[in-house]
Amino acid sequence: MFVPRHQTLEDARVQVFKHPLVAPAPSGFHGGPVLLSPSDQSLRHTRFWKPVDVFDPGEAFDAKLEGSYVYSGPTYSHFGHVMSEMVHRIIPSKRIFAAGQRETAPMQWLFITARGEAAGYESLRPFFKEILNFCEIKADSVTLVNRNTVVERLSICEQGSDFGGGPKPGYLDDVREFSEPRLNKLHGPAEKNAKVYVSRSRLEPRGAMFLGESYIESLLAEEGFTIFYPEEHSFTAQMNVYRKAAVLVFPEGSAIHGTELLGTDMLGQAYMLPRRERHFSIFRKVLEGRAREVHIMDAAPEIGTAIIARGTKSTPNDWAAVSCFDLEALVTFFRTHGLAKLPTLDRQKYFETAESDLRRYIDLHVELKTPFLHPWDVSGLRARLYEALQPSAARRRERLAWRANMDTFVKSSTRSSAELLPHEKLAAAPGTLLTAEFAKPCGDHMLVLGVELDGAALQQPVHYIYRPAWTPD
C-alpha cells in the first residue's frame, strides 16, 4: 500500500498555470496550489520525485470558491503528459479522503487550467473525459478553475508516480486493486494469449516517429502479431488490450503511458523499441513493475529534425525529430527474444517505405507552414536516413568514395546545371549554375549549395541534389 503525504488546507490559494504549461524547468508548471512551506514539498507537482512547479509572487487572487475540493492536477491536451504526470493523485486521494465524504455529497475534484482556457467540463479533451470516467469521476463532480482562486477547503495528496521518477513504493499495488476489477467489469477477465505490436504508423506525420514502421509491422503481422492502433480505440479498450497481451511490443511513444493506470504485474512481457538515447529510462520506469518482464532494444538511429522549435528563431525542435530502425539490431532483438524471425525483411523495401514517410513528414510541415531550419537540414534528413541503413562495414568505404568524388565536383566549374535537381519543395526551377559554394556527400547523392541567376538577373542560393551515374562500391 502506498502511504502518501496529504494535507487539507483552509483558504488555499490556487494559481492558474501560465503557458507553456508543460516544459522543462524553469519554463513549465508556473502555477498550481501555492505550497511554500518546506514540509509541503512532496505535495507539489514533481518530476523525478522533485518539485518543479513555480509560484509567481505578487499575484492577485480575486476569485473565491466555496466548499470542499480534492486537488487532482492540471488539465492538458497531450495524452502522454496527462497520463504520466496528471492522474496519479486520483487513486490515492480516493482512499485517503473518501472517509471524510458523505454518501449524499460525492467527492468534488478540482482541476487547474492554463491561463485563458475554458473552465467548463465540456472543454476537456475526449480522452481526458474517458480517463475521468474510468476513475469513476462524474462530470458533475469536476470543477475547473481558469483564474487565480482562493478555495475554501482544499485536500491535496502526494502523487503516486510522476514523469521521470516513476511509481513510488506500494502505488502500483493500489492501482491494481482499483483498475483490475474496473476493467473486468467493463471488458471481462484478462486472458493473456496474443502477441501485440502497438503501432504509431497511422498517426499524422508531424514527427516523433519511426520512418518505415508500416513495412516492419506488415512483416510482424505475417508472423502472428496483432497490429494495434491505439488512437482508433477508447481509453479503456487500449488498457484492456495491453493487459490481455502475452507479448506487447511498443515503439517509443505516448502509447506506453497508456499503461500508467495498470498496476503490479498487469502486463505480460513488454518490449520497447526506443527512438532516442535520452528517453528510454523514463519509459523503462513506466513498464517495470507493471510488466512481468521488460526488455528494451538499443536506441535506434535518430535521423534528426528540420523543424524550428516554437517560440525560437533557430533552435531545432527535437520533439519533431524522426528516427529509423537499425535493421540488423531489430532482427537480432526479435530473434533473441523469440518474438519473430523476420526472414523476408528487405533493406531496399524498408528504405523505400522510410523515404516515403520522410516525404510525408516534410510535405505536411510545408502544408502547415511550419518554420524550417536551413534547407540544407531538410535535404540532409534523407542523407542521414540512407547512411543509417547501410551495413556498418560498408559505411566507412562509402564515405571515402564520396569524399573523393566531392573534391572532383567542387573543382569543376563547367558542370551542366541540367545534371542538378533542385529540391522539389524548397527551390525554384533549374537556372544557370554560376558557382558551387560547397558540396557534401550524402549517401547516394550529393548536396550542393549553388548560386544561380533567376529571371530578374539576381543571384540567389539554391540547394541542389546531384546524383552521379556511378555508385560507390
Can you report the number of residues in segment 153-170 which are closer than 22 Å to V34 by Cβ and part of a strand (DSSP E or B)?
7
Exactly one of V366, V331 is in a helix (DSSP H, G or I) and over 18 Å from F210 (Cβ atoms), and that residue is V366
Select from segment 289-326 the residues that are among the hydroxyl-bearing types (S, T, Y) and modelled with pLDDT under 85 and write down the one among them that is surrounded by the most Cβ atoms within 10 Å (Cβ to Cβ).
T315
Scope segment 243-272; condition surrounded by fewer than 21 Cβ atoms within 10 Å (Cβ to Cβ) and within 16 Å of W319 (Cβ to Cβ); matching residues
S254
Using beta carbons and a limit of 7 Å, which pairs, at least six apart or on different chains, have the first residue in segment 128-154 and under 26 Å from V175 (Cα atoms) and the second one in a strand (DSSP E or B) and among the aliphatic types (A, V, I, L, M)?
L132/V142; T143/L110; L154/L9; L154/A12; L154/L110
Regarding segment 190-204, can at least one residue be identified that is more than 25 Å from W319 (Cα to Cα), more than 14 Å from the chain's Cα centre (by Cα), at pLDDT 95 or above and surrounded by 15 or more Cβ atoms within 10 Å (Cβ to Cβ)?
yes
Within segment 345-355, does at least one residue satisfy the condition of being β-branched (V, I, T) and either modelled with pLDDT under 80 or more than 29 Å from A309 (Cβ to Cβ) (or both)?
no
Scanning segment 203-231 for residues that are of a type in the set (V, I, T) and outside any helix (DSSP H, G or I), the one nearest to R360 (Cα to Cα) turns out to be I227
Return the residues of segment 56-76 that are surrounded by 13 or more Cβ atoms within 10 Å (Cβ to Cβ) and either among the small types (G, A, S) or at pLDDT below 95 (or both); say none if nothing qualifies.
E59, A63, S68, S72, G73
Based on what the data block shows, is I307 in contact (Cβ under 8 Å) with a residue 60 or more places away in the chain and more than 26 Å from G268 (Cβ to Cβ)?
yes
Among the residues of segment 329-344, count how many are of a type in the set (G, A, S) and modelled with pLDDT of 95 or more.
2
Given the criteria at pLDDT below 95, within 17 Å of the chain's Cα centre (by Cα) and not β-branched (V, I, T), does G166 qualify?
no
Out of the residues in segment 273-288 that are touching a strand residue (DSSP E or B) at 6+ places or on another chain (Cβ under 8 Å) and surrounded by fewer than 21 Cβ atoms within 10 Å (Cβ to Cβ), state the one that is modelled with the lowest pLDDT.
E277
Among helices (runs of 4 or more DSSP H) lying entirely in segment 69-152, which contain 2 or more residues that are under 24 Å from the mean Cα position of the chain (by Cα)?
79-85, 126-134
Scanning segment 101-130 residue by residue, the ones that are modelled with pLDDT of 95 or more, of a type outside the set (K, R) and surrounded by fewer than 16 Cβ atoms within 10 Å (Cβ to Cβ) total 3
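The values are calculated or read from the model by the stated rules, or taken from the named source; none is laboratory data. This one's a predicted model, so the numbers in the text were calculated from it and none came from an experiment. Please note: Cβ atoms are built from the backbone with ideal geometry, for glycine as well, and neighbour counts cover all protein chains shown.
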